[in-house]
1. Within the stretch 39-59, can you find the residues that are of a type in the set (Phe, Trp, Tyr) and open to solvent by 60 Å² or more (accessible area, probe 1.4 Å)?
2. Checking the conditions here, which among Phe14, Phe42 is at pLDDT 95 or above and over 14 Å from the mean Cα position of the chain (by Cα)?
3. For the stretch 60-82, what are the residues that are loosely packed, with under 11 Cβ neighbours inside 10 Å, within 19 Å of Asp30 (Cα to Cα) and of a type in the set (S, T, N, Q)?
4. Consider Arg26 carefully, then state whether it is touching a residue at least 24 places away in the same chain (Cβ under 8 Å), touching a Ser or Thr at 6+ places or on another chain (Cβ under 8 Å) and either of a type in the set (Gly, Ala, Ser) or surrounded by 10 or more Cβ atoms within 10 Å (Cβ to Cβ) (or both).
5. Among what's in the stretch 19-39 and is of a type in the set (A, V, I, L, M) and at pLDDT 95 or above, pick the residue that is farthest from the chain's Cα centre (by Cα).
6. Please determine, by comparing only the residues of the stretch 1-23 that are polar (S, T, N, Q) and surrounded by fewer than 14 Cβ atoms within 10 Å (Cβ to Cβ), which one is farthest from Ile78 (Cα to Cα).
7. Can you list the strands (runs of 3 or more DSSP E) found entirely within the chain that contain at least 3 residues being touching an Asp or Glu at 6+ places or on another chain (Cβ under 7 Å)?
8. Which residues, counting only those in the stretch 46-70, are closer than 21 Å to Ser16 by Cα and β-branched (Val, Ile, Thr)?
Amino acid sequence: VEISHDSGVYVGAFVSNVRFAGTDARQEIDLFGGYRFALAGFNFDVYGIWYTYPGFTRQGSQPRLNFFEAVAEVTREIGPVT
């Protein structure tokens, strides 16, 4: 699900089931938000995503699963190619 505004700002969420060997993680929820804009013929998208796994119980030396990711994308269309 994504909600966007004409200004280029957007927020959203994604939910999925997961199965990681050796863990009790069963679902993943991704929360994201960012800003899209065009400048000088290029399209920019700058956003962040928080990945979280509700109900996951960390056991011993297992790594933490929750993490944040920052992303910057630049695209340009040249004829039929992006």
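The values are calculated or read from the model by the stated rules, or taken from the named source; none is laboratory data. The model shown is predicted, which means the values in this text are computed figures rather than measured ones. For neighbour counting, all protein chains shown are included, and Cβ atoms are generated from backbone atoms with ideal geometry for every residue, glycine included. We work out accessible area using only protein heavy atoms, side chains counted, and drop any ligands, DNA or RNA first. Shrake-Rupley method; radii C 1.70, N 1.55, O 1.52, S 1.80 Å.
1. The initial filter retains those residues of the stretch 39-59 that are of a type in the set (Phe, Trp, Tyr), namely 42, 44, 47, 50-51, 53, 56.
Across the stretch 39-59, the qualifying residues are Phe42, Trp50.
2. Details: Phe14 fails: over 14 Å from the mean Cα position of the chain (by Cα).
Result: Phe42 is the single residue among Phe14, Phe42 that is at pLDDT 95 or above and over 14 Å from the mean Cα position of the chain (by Cα).
3. Hits for the stretch 60-82: nothing passes.
4. no
5. Only one residue fits best here, namely Leu39.
6. Out of the qualifying residues, it is Asn17.
7. Working: elements: 2-4, 9-17, 27-39, 42-52, 67-75.
Once the strands (runs of 3 or more DSSP E) in the chain are filtered for at least 3 residues that are touching an Asp or Glu at 6+ places or on another chain (Cβ under 7 Å), what remains is 9-17, 42-52.
8. Within the stretch 46-70, Ile49, Thr52, Thr57 qualify.
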